[in-house]
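The values are calculated or read from the model by the stated rules, or taken from the named source; none is laboratory data. This is a predicted model, so every value here is computed, not measured. With ideal geometry, Cβ positions are generated from the backbone for all residues, glycine too; neighbour counts draw on all protein chains shown.
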């Protein structure tokens, strides 16, 4: 996996693999940090890898591992003195995705969410010591991707469903039978609340998340569907914060497709 | 050449190959947790298996057979509706193999033993773990777009070598048909329901396939493609259209690799080598329509598709 981690004073490029975690300066010129994965934590038949990357609370970078632990790295404003600040051990299955709050969190709604292969989602408050605010239980399906916006958790699952939860309480707000296959990617446009989902069924959908002005209930509506013929979509990302354009990648595809209004 | 074979010959080849494939020692090795074989190692194992009996194939036919196997397997892994279905595909293969050797109880036992091991090892894996296995396999087959005539004919593959991904039919077991949106208030009560449409045409599946030793697998992937007589053809030309450079296999020989392959070869060759004796010259399988065509195919095969096979001395 690869992700840009945007912090106030610097942008780092973080890469994860079966060997460990690498962090580079944003132009890719220097590797500022290397973290080898602890093979001992795993049984011999288990795969070892790091997966799930997010920058949190303007200071930390969180990376998940195949054992279920989440490594929290403390990032200084410049230089290579990156340290492991904490290891979060609330998940018992391989981490699939990590997301940080992209908008304005209401009180108690948390800064970071972590998801795993069993489908469990944890909501955290970031700090010197991360505090677990809540756990959203699994319902029998792997949670493959997760996003956090204005206190709303958007989760994509291996059975093609998208679910929205209130981060502060863990209550289910919406359930969408979105795709006919495993959802690989979710992205969110923070200025508008548009949600992008891409799955193995070759479809990419654009949704809009909002709060009902009267009831304050979370709502979601379908905006657009795109079929990338004969392609299992593996990656999907908005290209702008309004969500007016997005890019798509797929298995066996050497091109990146870009769609725009 | 194939029509010179008798039924006795066919049965013999089938039995020999299956016996070799399900050899106890070989299976023990396969079930050990390990990395995926390299492309060279896999091709070598395949060559050994194909020659486990009195049947012989020369380079061109062997290449063609391997291409066919590779693309068929890629198709089956790619189209699995849910990750756990790769196990059902495997069971379909085994069910068919058991039918081929139903008259030979000794070999049947070996296959059943392997079947039980598969159930024991894999039945309890989670969907996420199966998806990781599936993704690892798909990476192995990435960028292979050899056109197979039976797939082209059945409209399962496009003329550019890509497989057709249907957007209709039953959804995987455990998935709902896309379209419904349900919204709830903070008390958990459903307050709104809407629908959206996509252009896809999905339906609910009837039942789940069986993961037992015997049972209806429901899934058709992995069943015999040749249960009715079909042409066997693979096309190379025009399939390498990708302009992005794909990683070339390292040519630097890995000192451990030859050891690993020798070991595999010893395991596979551990049985009595069935050398055609006396006046028997064995039977040569030609996958082309004439000998001349086969020769021509060998000479004109594009470089990037040639599998560099390491010759191994496995006599001991």
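Summed over segment A:163-183, the residues that are in a loop (DSSP other than H, G, I, E, B) and either crowded, with 24+ Cβ neighbours inside 10 Å or facing chain B (nearest Cβ under 9 Å) (or both) give a count of 8.
The residues listed here are B:120, B:129; of these, the one that is surrounded by fewer than 16 Cβ atoms within 10 Å (Cβ to Cβ) and out of contact with any strand residue (DSSP E or B) (no Cβ under 8 Å at 6 or more places or on another chain) is B:120. May I ask you to list the residues in segment B:10-59 that are touching a strand residue (DSSP E or B) at 6+ places or on another chain (Cβ under 6 Å) and either part of a helix (DSSP H, G or I) or more than 24 Å from residue B:286 (Cα to Cα) (or both)? Scanning segment B:10-59 gives a single hit, B:13. Note on segment B:119-147: residues that are more than 10 Å from chain A (Cβ to nearest Cβ) and under 20 Å from residue A:229 (Cβ atoms) amount to 1.
Is it true that residue B:203 is within 11 Å of chain A (Cβ to nearest Cβ), surrounded by 16 or more Cβ atoms within 10 Å (Cβ to Cβ) and either within 30 Å of residue A:198 (Cβ to Cβ) or at pLDDT below 65 (or both)? So residue B:203 does not fit the description; no.
The set of residues from segment A:133-162 being facing another protein chain (nearest Cβ under 10 Å), surrounded by fewer than 24 Cβ atoms within 10 Å (Cβ to Cβ) and part of a strand (DSSP E or B) comprises just one member, A:161. For segment A:72-94, the tally of residues that are more than 16 Å from residue A:132 (Cβ to Cβ) and part of a strand (DSSP E or B) stands at 4. Residue A:97 - would you say it is farther than 24 Å from residue A:194 by Cα, within 14 Å of chain B (Cβ to nearest Cβ), buried (at least 23 other Cβ atoms within 10 Å of the Cβ) and under 17 Å from the mean Cα position of the chain (by Cα)? No, not satisfied. When residue B:125 is tested against the conditions (1) in a helix (DSSP H, G or I); (2) over 24 Å from residue A:250 (Cα atoms), the lone failure is (1).
Given the criteria under 28 Å from residue B:131 (Cα atoms), part of a strand (DSSP E or B), at the interface with chain B (Cβ under 7 Å from one of its Cβ atoms) and in contact with a strand residue (DSSP E or B) (Cβ under 9 Å, 6 or more places away or on another chain), does residue A:247 qualify? When the stated conditions are applied, residue A:247 does not pass them. For the structure I just gave you, tell me whether residue B:167 is within 12 Å of chain A (Cβ to nearest Cβ), modelled with pLDDT of 90 or more and closer than 26 Å to residue B:140 by Cα. Here the answer is yes, as residue B:167 does meet what is asked.
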